[in-house]
Each structure stands twice: as structure tokens, then as C-alpha cells.
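Worksheet for the structure shown next.
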């Protein structure tokens, strides 16, 4: 009679036993369900914010819009602030990824720096009244960013790390290439520039209507100010 026992190495795949594989499949399935549920809550929050023109909404409204239960909401979030923070983190990571793609199209260190400033300015601009946007989260994120920077600066600093790190990297590249002054204290410079981009791009009143031209010239003016300043060097 032939031996029908499987060889020892057939009982494992990639070093995992059949039991471990079964557990892993179960965990993968549970993780997928959790990701779907969380995403439905996040999407519901954005829809409510945009449909209410930026007005406050409640957790109950998010739950009802998502079609899920309140119990399910509190399985994933400690409250409304946790929900908003999760959404903001996701948005910042997406923004950093988009900016990385844009700067990678350029080889010159100065142009890479300019690309970051101009594109980030464009991304921070809220749409004008009646103007559509390809990203429904843009007005929502701009509003929450201002709130977070004011009320929870430490959390904001942590969330903005992907964008800050990218800009720091570009500054180092430009300094190494002799394109900008050496000896700059990168920490404060990064903060000053990013705050200038975010504040100016979102402002719709200071400076009058000319502050919001839609041809991209404001971003270019800001870039010129950042890279050249307003002095001639004689006053240094």
C-alpha cells in the first residue's frame, strides 16, 4: 500500500501553519470590514460639512448619513474630534503624496522648491462660490486645518509632518546646490513659509479682491517674495 501522507513541507506555506493561515484569513476579512466601515463614516462627515456650507454637524448626523450604528461609530472613534483628526491625517498624507509627485517631475533644486510652493498654494485655495472642485474634501480640510492650528497646535504639528518633512528635504537640496542661503534655521523657515502659503491662499478679504486671482499669479508672487525677499542685500 502506498504512503499517502503529505510531505512535511506541504503542511506549511511561507513558513505558516494551516492554523495560522486560517487565522490570518479571518483577521484580513475583519480588517477589510473595519476599513469599509471607517471610510463610510469619513465620507459621511465630508458630505455633511460640504452640504451644510461649513456648518457644525453632530455625531448622530454622521451616523445616520453613513447608514451605520452609533455603537459602531464608537468602536472606531472616541468622538467627533477623533473623526475629524483621522480625516485630516488622511488628507495631509494625500497632499504630501501629490506634492512629491509634482516635485519629482523637476530636476533643478530651485524648480523643485518653486513647484512645491506654487502647487501647495493652489491646493490650499478654497473654491470660489459656485466653483466646483475635483476634491470634495478641500474646503472641509482648509477649515479644519485652521481650527486645529489654533486649538491643538501640537496635534497639528504631528499631522503636518509629511508635508513639513518634504519641504525640509527640498530646502536641504537647494542649500546644497547653492540655490539658497546656507546657515538658515530650517525649523523656523519651514514654519514661516508653510504658514504664509496656507494663510494667504485661504484669505479672501485681506488685500481686497485682487488677492484671489485664479490665474496662479498670486502663487508666483508669493514664490518670488519667498525666494528673493524685498531687500537688495545692502541693508543686511
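The residues in the range 214-234 that are modelled with pLDDT under 65 and closer than 21 Å to residue 112 by Cβ can be counted, and the count is 1. On the basis of being under 23 Å from the mean Cα position of the chain (by Cα), closer than 30 Å to residue 194 by Cβ and modelled with pLDDT under 90, does residue 84 make the cut? Taking the combined requirement at face value, the residue satisfies it. Taking the numbered list (1) part of a loop (DSSP other than H, G, I, E, B); (2) at pLDDT 90 or above in turn, residue 6 passes all entries but (2). The criterion of at least 1 residues that are over 22 Å from residue 82 (Cα atoms) and at pLDDT 90 or above is met by the following helices (runs of 4 or more DSSP H) wholly inside the range 98-188: 109-124, 161-176. Scanning the range 74-89 for residues that are closer than 20 Å to residue 162 by Cα and surrounded by fewer than 16 Cβ atoms within 10 Å (Cβ to Cβ) yields a single hit, 82.
The values are calculated or read from the model by the stated rules, or taken from the named source; none is laboratory data. The shown structure was predicted, so the numbers you read here are calculated from the model rather than taken from an experiment. Quick reminder, even Gly has a Cβ in these numbers, built from the backbone with ideal geometry, and neighbours come from all protein chains shown.
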